[in-house]
Amino acid sequence: MAISKRKKASYLALLGLLYGLIIGLLSLLMSGAGHGWNSAFGSILCVFYLPLLGYCWVYKNNRIVSYFLAYIVIGALFTDIILLYETSKEGFYFVGKVLSVSPSIIILWILLWLFWHLVLVILIRKVYKNRRSEI
């Protein structure tokens, strides 16, 4: 019994929301009641576009996905810029402080953060490849 595209998209969107919430929870843990890396909490913004990434994965052959991917890329760039700016303003010392106190949390956060960026790049390549084959 095959799962319909709609259900698969709903499951992946829900998974994207959960994934974003986990990133937010880890960033909250890294802030350590204001004594840790507070800038990482801006990464919770990914909750607004990670569910859409799951939808786009299922409907990658649909033309509207290109617009959704543009929204996700803009959101990702915006969040990355905020993360870098706030961290530089706060001081990179706090990243090292969290790394020395709880390395598993920051390593997991970094892996999760980089993984969804990788999924986004893979999806963009798949969509672009499909568009080129239509021409």
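The values are calculated or read from the model by the stated rules, or taken from the named source; none is laboratory data. Quick caveat: nothing in here was measured; it's all calculated off a predicted structure. As a convention, Cβ positions derive from the backbone with ideal geometry for all residues, glycine included, and neighbour counts pool all protein chains shown.
Take the residues of the stretch 83-135 that are of a type outside the set (F, W, Y) and not in a helix (DSSP H, G or I): which is nearest to L45 (Cα to Cα)?
Applying the filter and picking the extreme gives G91.
Of the residues F68, F41, F78, only one is hydrophobic (A, V, I, L, M, F, W, C), in a helix (DSSP H, G or I) and over 29 Å from K129 (Cα atoms); which?
Every option except F41 fails the conditions.
Any residue in the stretch 95-107 that's more than 21 Å from L84 (Cβ to Cβ): show its pairings with residues that are at pLDDT below 80 and part of a helix (DSSP H, G or I) at Cβ separation under 9 Å, as long as the two are six or more apart or on different chains.
From residues that are more than 21 Å from L84 (Cβ to Cβ), the pairs are V101/G32; S102/G32.
List the residue pairs whose Cβ atoms are under 8 Å apart, where the first residue sits in the stretch 70-91 and is modelled with pLDDT under 90, the second is among the aromatic types (F, W, Y) and surrounded by 14 or more Cβ atoms within 10 Å (Cβ to Cβ), and the two are 6 or more positions apart or on different chains.
T87/W37; T87/F94; E90/W37
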